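Participant: Quick one: this structure, given as structure tokens, is what I'll be asking you about.
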Amino acid sequence: MPTLRQLLVQAAATLERAGVAEPRLTAAVLLAHRLGRDRAYLYAHSEAELPADEQAQWEQLIARRAAGAPLQYLTGQQEFYGRRFQVNSAVLIPRPETELVVEAALEHLPPDAAARVLDVGTGSGCIAVTLALERPQAEVIATDLSAAALAVARENAHALGAKVALEETDLLAGLVGPFDLIVANPPYVAEAELATLQPEVREHEPRAALVAGPLGTEIYARLIPQAQAALRPGGWLVLELGYGSAAAVRALLGAGWEAVETRRDLQGWERAALARKG
């Protein structure tokens, strides 16, 4: 039977031929996941052998990654805001850029305030769970149209000890305000842009959580009026922005909104929009 060292070398070569980024690191992450160990174990026990009954599963794991399945879906986890979240193909993979949205929301949630917070389109629950843990005095509600996504969010809230109320609904339908803060990372990809996304995203992450419609701003156009009606006067709306959508979203944040601003991510893109209900 091949040793762990040999398995890593073989897997890295397979992933490199498939054009996978960081093939050696990826192979090590997957092997450690398969063994239920950390990566240090692999190098400390490099001459150990993988049990014969594990060989087929290991080869399948590498084949799936070589075919483009995201690493996070294969390991079932992704780190966000310093915490480990469970993920599967029912939800978008949490991304570092979304932490900018969380930071903006936290600025308008005093640590000791009993605020009502709504996360619209929660997906994995990464925003809602993070806000609930960072602001334990807040009442956090999260919505999603997907029952499968809500199941993931529920698992994350339970695993991380966050108190989040979950509602299966379309945006804010059926919810009763007022809220002190509404946050959302909505679908914002235009239908024509889908083909330009990386294959890992385009072919594996849930289309309904990516694509908004022909323009890419359709969800913003529906969400912003609903948020305005549900926020208390002086309440805040925080939105994640798609590439190039900032101007269109600013135009939607017209009458009845004040203190409108956008925040840029590390790549210089306008990534978050903030507005206060007048």
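Since every read-out is calculated from the coordinates, none of them should be taken as a lab result. As the structure is a prediction and not an experimental result, all values here were calculated from the model. Methodologically, a virtual Cβ is constructed for each residue, glycine included, from the backbone with ideal geometry; neighbour enumeration extends over all protein chains shown.
Participant: Between the helical axis of 55-66 and the dominant principal axis of the chain, each derived from Cα atoms, what acute angle in degrees is found, rounded to the nearest 10?
Facilitator: Around 50 degrees separate the two axes.
Participant: Compute the helix-to-body angle for 98-107: its Cα long axis versus the longest principal axis of the chain, expressed 0 to 90° and rounded to tens.
Facilitator: It works out to around 40 degrees.
Participant: Given a Förster distance of 45 angstrom, what is the FRET efficiency for ALA221 paired with GLU54, based on the Cβ-Cβ distance and rounded to 0.05?
Facilitator: Efficiency at R0 = 45 Å is approximately 0.35.
Participant: Tell me, what is the FRET efficiency for ALA192 and ARG95 to the nearest 0.05, using R0 = 22 angstrom and their Cβ-Cβ distance as r?
Facilitator: 0.50
Participant: Rg(Cα) of region 1-122 divided by 2.2 N^0.38 Å?
Facilitator: Region 1-122 yields a ratio of 1.37.
Participant: Tell me the label-point distance for the pair ARG264, ALA229, using the 7 Å Cα-to-Cβ offset, in nm and rounded to one decimal.
Facilitator: Modelled inter-label distance: 3.7 nm.
Participant: Next up: Rounded, prolate or oblate: pick one for region 1-68, where a ≥ b ≥ c are the square roots of the eigenvalues of its C-alpha gyration tensor, a/c under 1.5 means rounded, and failing that, prolate if a/b is larger than b/c, else oblate.
Facilitator: In terms of gyration-tensor shape, prolate.
Participant: Would you calculate the separation in nanometres between label points at ARG37 and ALA159, each defined as 7 Å from the Cα along the Cα-to-beta-carbon direction?
Facilitator: 2.2 nm
Participant: Given axes a ≥ b ≥ c from the Cα gyration tensor, I'd like to know whether region 146-278 is rounded (a/c under 1.5), prolate (a/b larger than b/c) or oblate.
Facilitator: It comes out oblate by the Cα gyration axes.
Participant: Can you show me the helix-derived [θ] at 222 nm for the chain, built from DSSP H runs with n ≥ 4 at -39,500 (n - 2.57) apiece and divided by the number of residues, rounded to the nearest 500.
Facilitator: -11500 deg cm²/dmol
Participant: Then there is this: So, in Å, what gap is there between the alpha-carbon centers of region 38-74 and region 211-271?
Facilitator: Region 38-74 and region 211-271 have Cα centres separated by 42 Å.
Participant: State the extension gain, in nm to one decimal, for the chain segment bounded by ARG24 and GLU107, taking 0.36 nm per residue of separation less the distance between their alpha-carbons.
Facilitator: Computed gain between ARG24 and GLU107 is 25.9 nm.
Participant: Let me ask something additional. I'd like the FRET efficiency for ALA114 and ALA251, computed as 1/(1 + (r/R0)^6) with the beta carbon distance as r and R0 of 35 Å, rounded to 0.05.
Facilitator: Given R0 = 35 Å and the Cβ-Cβ separation, E is 0.55.
Participant: Rounded to the nearest 10 degrees, what's the angle between the helix 147-160 long axis and the longest principal axis of the chain, both from Cα atoms, 0 to 90?
Facilitator: 80 degrees
Participant: Ranked from highest to lowest mean number of other Cβ atoms within 10 Å per residue, what is the order of the peptides 29-37, 52-60?
Facilitator: 29-37, 52-60
Participant: Still on this structure, I have one more. If packing is taken as the mean number of other Cβ atoms within 10 Å per residue, what is the order of 41-47, 247-253, highest first?
Facilitator: 247-253, 41-47
Participant: Shape of region 97-222 from its Cα gyration tensor (a ≥ b ≥ c, root eigenvalues): rounded if a/c is under 1.5, otherwise prolate when a/b > b/c, or oblate?
Facilitator: prolate
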